[in-house]
1. Across region B:77-97, what is the total count of residues that are open to solvent by 30 Å² or more (accessible area, probe 1.4 Å) and either acidic (Asp, Glu) or assigned to a loop (DSSP other than H, G, I, E, B) (or both)?
2. Which of the residues that make up region B:150-198 are among the polar types (S, T, N, Q), within 15 Å of B:Gly320 (Cβ to Cβ) and out of contact with any Leu (no Cβ under 6 Å at 6 or more places or on another chain)?
3. Can A:Leu146 be described as open to solvent by less than 10 Å² (accessible area, probe 1.4 Å), more than 22 Å from A:Asp255 (Cα to Cα) and not small (Gly, Ala, Ser)?
4. Which members of region B:203-221 meet the condition of being buried (at least 22 other Cβ atoms within 10 Å of the Cβ) and either more than 8 Å from chain A (Cβ to nearest Cβ) or under 21 Å from A:Gly252 (Cβ atoms) (or both)?
5. Please return the ranges of helices (runs of 4 or more DSSP H) entirely within region A:158-271 where 2 or more residues are within 14 Å of chain B (Cβ to nearest Cβ), farther than 19 Å from A:Pro52 by Cβ and not small (Gly, Ala, Ser).
6. Going by the structure shown, is A:Asp228 acidic (Asp, Glu) and over 23 Å from the mean Cα position of the chain (by Cα)?
Amino acid sequence: MSDATPAGATMQALELRDYADTPESLRLVERPLPKPAAGYVLVRMAYAAINPSDLLFLRGEYGIKKKLPVIAGFEGSGTVVAAGPGWRGRLLVGRRVACLAGDATDGTWAEYAVIPAERCFPLSDQLTLEQGAHLLVNPLTAWGLLHTARSQGHAAAIQTAAASQLGRMLVRLSERFSYPLINIVRRQAQVELLRAQGAAYVLNSSTPSFASDLRELAQELRATVAFDAVAGAMTGQLLTAMPNHSRVIVYGALDAAPIQLDAQRLVFEDKTLSGFWLAEWATSLRLPELLRIGSTVQHLAQFELATSVQAHIPLSAGYQGVQQYRASMTAGKVVWAMHGAE
Amino acid sequence: MKAIRFHQFGAPAQVLTVEDIPQPEPAADEVLVRLTARSVNPSDLYTVMGTYGIRPKLPATAGNEGAGVVERVGADVTNFKPGDRVTVLPGATGTWCEYVTLKPAALLPTPPSLSDEQAACAWVNYLTAWILALEELDLQADEPVLVTAGASHLGRAMLQLAQHSGFKVVATVRRAEQRQELLDAGALGVIATDSDDIAKAWHAITGRKGIHKVIDAVGGATGSAILEALAPRATFILYGLMSQQPLQIGGQLIFSEAVIRGFWLVRWFQQRTPEHVASVFGQIGQLFANGTLNPVIDSTFDLDDVSGMVERSLAPGRQGKVIITGPQQPAS
């Protein structure tokens, strides 16, 4: 390994002790600096986002459970300062990167993180490390969903939880591509928020006429694909309202209740339900396509795919920081800033 | 002639009756077929209940498969003659009666290898099995597929097709005592839904973690238990409504790229070209003719015995297809 870090050095990190999701579950610890093995790089972290997937992970409800204790966090940005054996890692040394943590290794909520080399994406000169901290999870998902809808020939789409960060990215992307998008939110204030952002079709699922409004609009626009972050009863409502041959892609589960699927809808109306998991989707792409999408997303991250940030907080805020995000998720990202950055 | 009919949608035992209706006359381009056997498919019973994707105008004659003998042909019909044994292709409606008039394109000659009873239940199930396995799931040699209701007629069709095509069937059954029979019929493994953990049993049988391909006729609790055990890129195809209960799936779907969808034979006919349909019929027809595929009869009931037929059709543990036969013809 190329050695840019002093022996005996330590770092601060947020360590998950258990999946109980209590203030004691997530602790600020001092750890020795890790060394990257073959295929891994050491990233001096600058920023690390808190995402809805982190909240699920802290509760033990994410698709991956890691052996405890483990450093939390899936996403972040920083500078590669060392690499284990392997050409891919060596090429990254010195580069500013956006990165995603490994599926079984320590995460990004730390001053340094060991990351699989293939999960580091060098940042273009246009992007700051602050922007890089939330480049991957939300923008790539938004791009991936809209790309799927357009490339599969759906005339229009529906999305739930449309006021979320990712939802608003989809609103802006759909405008960029003049692609009709029906936005579903739960509150009147969110209706106004999205209208102010230029969304043409916004429905409030709390109104009595929601089911018939949705049906009418979906049939009129031929909205045959839906991006659903809510799940539970919402998924069934979508499938019922949408035209025959429609597909609902579930990428989030804000509602913990199970999805109920009416057999008749699947068999006679040719309706399809599928998941969307970024890690699976990304690994299904060939490298050239992934690089092309990566470059597009980096460009759009300054515009349609920009993320609003409500606060930068130090690692020492610990569980309080997580709570701050949980209390006001639509107000913007809460982002860890390392090494005393603001 | 006699016909099993219904004037309102409802429970088959309550709304189906045997009635006398006029015998149809063939037009110049039609064939009059004297039916000797008709299958009882779940879709026939759902149609009577009003829960199927097609609701006929009432009153209606039930049934949509059958086999028999050409009685008479219209003046323009040249490819069939009286006395020919024929099978009615799926898509005809109202076969639970003595005579039907059909265009020649809706008929196939019955191969000598099949009895009329077998011919009457050959197409809906075997065609569905063939399309699901080879078109929808593209099953490869030695690839395992989970087939629910493995002891059903379609489950048996899938086992016969697997022997021919080389894919492997892991069948689910409701009770453990049905296990040995399906293993004898060539199943790679059998999972009893009343006692086995589906995910563990699948892993033990196939050595694979997570179920990649599923053909489900049941829905409800069985289908939902399978959804919990899907692999990240699984395909789950629902083609039946046996449990009459919805499928349930939890939030774990978001940690996968799994696809859950339905299959309906009626739509397949609508969406495929006539050339493609003819080619599939040709390939399956050959497998009937050479004995590779061999429809299995559970029991036969006379056209008059509606209550016996309905009771058996809804009873668990059937060994194959329920067939409506008769009526007995006077010796000529």
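1. Within region B:77-97, residues that are open to solvent by 30 Å² or more (accessible area, probe 1.4 Å) and either acidic (Asp, Glu) or assigned to a loop (DSSP other than H, G, I, E, B) (or both) number 8.
2. Within region B:150-198, B:Ser152, B:Gln178 meet the criteria.
3. Answer is yes for this residue.
4. B:Ile211, B:Lys213, B:Val214, B:Ile215, B:Asp216, B:Ala217, B:Val218
5. A:233-241, A:263-267
6. On the way: acidic (Asp, Glu): yes; over 23 Å from the mean Cα position of the chain (by Cα): no.
No, not satisfied.
Residues are listed down the side, and each one gets a yes or a no for (1) more than 23 Å from B:Thr128 (Cα to Cα); (2) in the same structural domain as B:Leu154 (by TED's automatic domain parsing); (3) among the hydrophobic types (A, V, I, L, M, F, W, C):
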| position | (1), (2), (3) |
| --- | --- |
| B:Asp196 | yes, yes, no |
| B:Ala201 | yes, yes, yes |
| B:Ile205 | yes, yes, yes |
| B:Asp216 | no, yes, no |
| B:Ala234 | no, yes, yes |
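Residue by residue, here is whether (1) at pLDDT below 95; (2) in contact with a Phe, Trp or Tyr (Cβ under 6 Å, 6 or more places away or on another chain); (3) hydrophobic (A, V, I, L, M, F, W, C) holds:
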residue: A:Asp21; (1), (2), (3): yes, no, no
residue: A:Pro36; (1), (2), (3): no, no, no
residue: A:Ala48; (1), (2), (3): no, yes, yes
residue: A:Asn51; (1), (2), (3): yes, no, no
residue: A:Thr79; (1), (2), (3): no, no, no
residue: A:Ala83; (1), (2), (3): no, no, yes
residue: A:Trp87; (1), (2), (3): yes, no, yes
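The values are calculated or read from the model by the stated rules, or taken from the named source; none is laboratory data. All of these numbers come straight from a predicted model, not from anything done at the bench. All Cβ positions, even for glycine, are placed from backbone atoms using ideal geometry, and neighbour counts span all protein chains on display. Each accessible area value is taken on the protein alone, full model and side chains, heavy atoms only, with ligands, DNA and RNA left out. Shrake-Rupley method; radii C 1.70, N 1.55, O 1.52, S 1.80 Å.
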